[in-house]
Amino acid sequence: MEHFIITIARETGSGGRNIAAKLSERLNIPFYDRDLLRLASDVSGIREGLFGESDEHIGKLEMMTAAKKIYSGEVLPPDDDDFISTKNLFEFQAKVIKELASSSGSCIIVGRCADYLLAGRTDVLRVFIHAPLEKRKKKVAYFSLAWSDKEIARYISKEDKRRAEYYRYYTGNDWRDAAHFDISLDSSELGEDGCVDTIEKAIPLFIR
């Protein structure tokens, strides 16, 4: 199998990014997460920090008025008044993701609606990583020793809500809808290494 793309969407604290990193090492292919912001900045000439800010904060008014997906696949030119708008920043990220998928090398892409952007391709395996809340709280607590149990739960809820809103805003779809993914894995049951094993075994089953 010469070329394939794996997209990984994940709940907060489910270990999805660690799984992507381990899978990258196992398969000897790159994985992209926040690297996509730098690549989009390089392509557009827009400061990388603006992409990060757009990633983290979608305006409440924009969220309330987003009745359908706003992704169009068209980037605006520098002389357009909306060149650095939230929408255009996403369009540049989407452009980078599609170019990575169309390149000669295989790779793993974490988050950023990659499963949606690459839908319909036969060389893409779309994965969702999840876990029960209590398990995810323990994982987040490991890196946030000063936080109380309530603070950890609040953080997870806020991050999951942000990811769900981000996905809905750009795609018009439900982030957790199983129909968007080829496989959905419980990392608390399989463990991170077990998820890596399962994804590796799934590649020839789903990618043609």
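Sort the following peptides by mean Cβ neighbour count (other Cβ atoms within 10 Å, averaged over residues), highest first: 106-112, 166-172. Display every interim value, and only then the final one.
On the way: 106-112: 23.1, 166-172: 20.0.
Going by the mean number of other Cβ atoms within 10 Å, highest first, we get 106-112, 166-172.
Which pairs break 31 Å Cα to Cα here: 95/139; 138/201; 87/139; 95/201?
95/139; 87/139
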Item to check | For the stretch 142-208: rounded, prolate or oblate by the Cα gyration tensor [a/c cutoff 1.5] | outcome: oblate
Next on the checklist: How far apart, in nanometres, would the label points at residue 176 and residue 197 be if each is projected 7 angstrom from Cα along the Cα-to-Cβ direction?
Outcome noted: 2.8 nm
Item to check | residue 43 versus residue 133: modelled label distance in nm, points set 7 Å from Cα along the beta carbon direction | outcome: 3.7 nm
Next on the checklist: So if each residue of separation counts as 0.36 nm, and I subtract the Cα-Cα distance between residue 151 and residue 34, what length gain in nm does that give?
Outcome noted: 39.6 nm
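Every number in this text was worked out from the coordinates using simple rules, so none of it is lab data. The structure presented is a predicted model; accordingly, all values stated were derived computationally and were not measured. Here the Cβ is made from the backbone with ideal geometry for all residues, glycine too, and neighbour counts use every protein chain on show.
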